[in-house]
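Engineer: Sharing a structure with you now.
The values are calculated or read from the model by the stated rules, or taken from the named source; none is laboratory data. Everything numeric here is computed off the predicted structure, so don't read it as measured data. Cβ sites come from the backbone with ideal geometry, for glycine too, and all protein chains shown count toward neighbours. With ligands, DNA and RNA removed, areas are computed over all heavy atoms of the protein, side chains included. Shrake-Rupley method; radii C 1.70, N 1.55, O 1.52, S 1.80 Å.
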Amino acid sequence: MNIENLLRNNIKSIKAYSSARDEYKDASTDMVFIDANENPFQTNVNRYPDPKQSKVKARLSEIKKIPSSQILLGNGSDEVLDLLFRAFCEPNHDSIITLPPTYGMYSVLADLNAISINEVLLDSDFQPKVEKILAIQNEKTKILFLCSPNNPTANSFEASKIENLVSEFKGIVVIDEAYIDFSNTESWLSRLNEFPNLVVTQTLSKAYGLAGIRLGICYASEFIITILNKIKPPYNVNQLTQEKALERLNDLEKVEKEVSIILLEREKLVEALQTITFIETVYNSDANFILAKADDANKRYKQLIKKGIVVRNRTTQPLCKNTLRFSIGTQIENQKLIQTLKQLK
Ligand SMILES: *Cc1c(COP(=O)(O)O)cnc(C)c1O
């Protein structure tokens with residue numbers, strides 16, 4: 001499989017912007033830096049941030065056992081996904097495949113980039129219809145988005161189905177693993193080098209508790225990462241974000257502890273939801289949220305708002321009629337949710 005053939009023509013020969021810090025790299029040396037039109041007075045952030053985010057990548061590399069040359073960081077996963085569109089999808093010509101119900105950003109970014117969207121609904125178990133997906137692909141279908149664990153259904157896709165898709169699909173396959181740390185299924189990072197068309201995205205927004213700093217991560221072949229690095233804005237991850245990310249990545253024990261609490265709370269919340277009379281189905285969750293089918297999602301959503309609890313109403317999503325999505329909160333928040341649900345008439 002030749003990934004270069006999938007690239008847009010203008011990207012094949014594109015030259016990266018060369019920043020001052022690209023041209024003279026070693027910012028730690030005792031030199032006079034007057035090459036970037038920065039303000040010399042100290043604010044702690046008066047200098048441009050490291051455009052390569054070397055420290056954060058080195059730490060991620062250590063944790064995930066993936067070389068830095070196969071890691072790209074972005075201003076949230078959303079920027080990472082947008083870069084993939086820009087690299088591979090020719091506006092007003094190419095298309096992508098999404099598997100609704102799923103994360104809304106894939107189609108928003110497709111619209112933004114003037115890329116048409118082929119939707120293949122998940123089956124009734126919220127699994128991908130592999131045959132159907134492979135049957136509709138053509139030379140213009142550049143990216144297939146697999147979200148596993150999937151938002152909003154909370155389940156993981158079967159490994160054999162994902163493997164089939166990654167091996168047979170003729171374009172790029174993006175596996176969005178935003179929720180992987182809440183799942184027992186193995187990350188596809190361990191298989192990265194087997195598939196030249198595989199891109200795995202993760203984020204610090206969920207398990208790492210850093211949604212506010214906006215740090216998304218993309219793992220792929222060195223070839224793909226080199227391309228994405230060329231087209232990303234040079235200073236796309238700001239210095240405060242890099243510092244905060246590093247601090248958190250150096251305290252994994254705390255992250256793991258919080259994740260284990262969330263998993264425990266998820267188990268309790270699933271059990272409690274099953275006792276609520278107007279909740280018909282509580283779907284299995286591999287994520288930090290639970291999807292449940294109610295008698296009347298619109299009515300229950302409004303009742304909860306009146307009681308001061310905001311959940312996500314997913315009733316308009318395909319296959320999700322009358323479903324509500326509950327993020328796992330603190331023990332106190334979850335108890336409040338359950339107490340409130342019990343009282344609703
Ligand atoms: C929350 C979420 C993300 C995270 O996006 P960021 O831009 O990194 O905050 C990515 N993918 C899915 C499916 C999500 O639900």
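Engineer: Quick one: Cα centre-to-centre distance for segment 198-233 and segment 58-84, in angstrom?
Structural biologist: Value for the Cα centre distance between the two parts: 4 Å.
Engineer: At a 1.4 Å probe radius, which order do Arg300, Arg8 fall into by accessible area, largest first?
Structural biologist: Output order, biggest surface exposure first: Arg8, Arg300.
Engineer: Work out how far the C-alpha atoms of segment 85-219 reach from end to end along every principal axis, then list the three figures in whole Å, largest first.
Structural biologist: 38, 32, 31
Engineer: Over segment 1-78, give the accessible area per residue in Å² for a 1.4 Å probe, as an integer.
Structural biologist: That works out to 66 Å² for each residue.
Engineer: Just list whichever of Lys64/Lys244; Lys52/Lys254; Lys293/Lys345 have alpha carbons separated by over 21 Å in the model shown.
Structural biologist: Pairs exceeding the cut-off: Lys52/Lys254.
Engineer: Which distance in nm do the two modelled labels at Ser13 and Lys140 give, with both placed 7 Å along the Cα-to-Cβ direction?
Structural biologist: 2.5
Engineer: Before anything else, pin down the relative contact order of the chain: Cα pairs under 8 Å, at least 6 apart, normalised by residue count, whole percent.
Structural biologist: 17
Engineer: Roughly to the nearest percent, how much of the accessible area of segment 154-200 is carbon and sulfur, given a 1.4 Å probe? Intermediate values should be presented prior to the final figure.
Structural biologist: Details: 750 of 1780 Å².
That fraction is 42 percent.
Engineer: Extending each Cα 7 Å along its Cβ direction at Gln343 and Thr43, get the distance between those two points in nm, one decimal.
Structural biologist: 4.8
Engineer: Would you calculate, for the chain, the mean residue ellipticity at 222 nm contributed by helices, counting each DSSP H stretch of 4 or more residues as -39,500 (n - 2.57) and dividing by all residues, to the nearest 500?
Structural biologist: Helix contribution divided over all residues of the chain: -10500 deg cm²/dmol.
Engineer: Looking at the chain only, what percent of DSSP beta bridges run antiparallel? Nearest 5 please.
Structural biologist: Percentage antiparallel, nearest 5: 55.
Engineer: Taking a point 7 angstrom from the Cα of Ile117 along the C-beta vector, which residues in segment 279-318 have backbone N less than 18 Å away?
Structural biologist: Under cut-off, by backbone N: 313-318.
Engineer: Then there's this: From the backbone phi of segment 46-53, what are the Karplus-calculated ³J(HN,Hα) couplings (6.51 cos²θ - 1.76 cosθ + 1.60, θ = phi - 60°) in whole Hz, Gly and Pro given as x?
Structural biologist: Going residue by residue, I get 6, 9, 4, x, 4, x, 9, 6 Hz, with x marking Gly and Pro.
Engineer: Leaving out ligands, DNA and RNA, and with a 1.4 Å probe, what % of the accessible surface on segment 212-292 is carbon or sulfur?
Structural biologist: Roughly 52 percent of what the probe reaches on segment 212-292 is carbon or sulfur.
Engineer: Does anything in segment 257-296 have its amide N under 20 Å from the 7 Å Cα→Cβ label point of Val310, and if so which residues?
Structural biologist: 288-292
Engineer: Modelling each spin label as a point 7 Å along the Cα-to-Cβ direction, I'd like the Glu243/Ile261 distance in nm, to one decimal.
Structural biologist: With each label placed 7 Å out from Cα toward Cβ, I get 2.6 nm.
Engineer: In addition: Using only the Cα atoms, what convex hull volume per residue in Å³ does the chain have?
Structural biologist: Values: hull volume 52.9 nm³, N = 345.
Once divided by residue count, the hull of the chain is 153 Å³.
Engineer: Which whole-number value in Å² is the accessible area per residue of segment 253-343, probe 1.4 Å? Present the calculation step by step, with values, prior to reporting the outcome.
Structural biologist: On the way: 5240 Å² over 91 residues.
Result: 58 Å² of accessible area for each residue.
Engineer: So how far, in whole Å, is the C-alpha centre of segment 256-306 from the one of segment 92-146?
Structural biologist: Between the Cα centres of segment 256-306 and segment 92-146 lies a distance of 28 Å.
Engineer: Between Asn39, Asn236, Asn92, find the one with the highest GNM mean-square fluctuation for the chain; connect C-alpha pairs within less than 10 Å.
Structural biologist: Looking only at Asn39, Asn236, Asn92, the largest GNM fluctuation is found for Asn39.
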